[in-house]
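What follows is one structure encoded as structure tokens, with my remarks underneath.
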Amino acid sequence: MNNTYIGFEELKKQYPNEWVLLGNPEMKNTSVLGGVVLFHSKDKKEVCYIGRDKTADFSTVTIAFAGELKQQRKIGILKRI
């Protein structure tokens, strides 16, 4: 990987439906606008564990999903009547 900034739309094209570890991410509120790609994989745990060794030269890092996340399941509580 190189130290070139990549915007989020380009991330989605280059790493579709993958988890991407970004160094020095640009953020707006809670949205990722881009950053320097340090590591990527379809497996989020792999990005967390293997990518950890690639973060030393960066003051901030984040993980982003370069695709559309499926809606999370909602769990409700059933009450017997």
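Bear in mind these aren't lab numbers, they're just calculated from the coordinates by the rules spelled out. Computed from a prediction, not measured in an experiment: that's the story for all the values here. Note that each Cβ is placed from the backbone with ideal geometry, even for glycine, and that neighbours are counted across all protein chains shown.
Odds and ends about this structure:
- Region 5-65 - Debye-derived log10 I(q)/I(0), Cα point model, q = 0.20, 0.22, 0.29, 0.30 Å⁻¹: -0.66, -0.81, -1.30, -1.35
- Result for the chain in a Gaussian network model with C-alpha springs under 10 Å: among LYS45, LYS12, LYS28, the largest mean-square fluctuation is at LYS28.
- Charging the Cβ of each Asp and Glu at -1 and of each Lys and Arg at +1, and nothing else, the dipole of the chain about its Cα centre rounds to 760 debye.
- Net lengthening on full extension, ASN17/LYS42 (0.36 nm per residue, minus Cα-Cα): 8.3 nm
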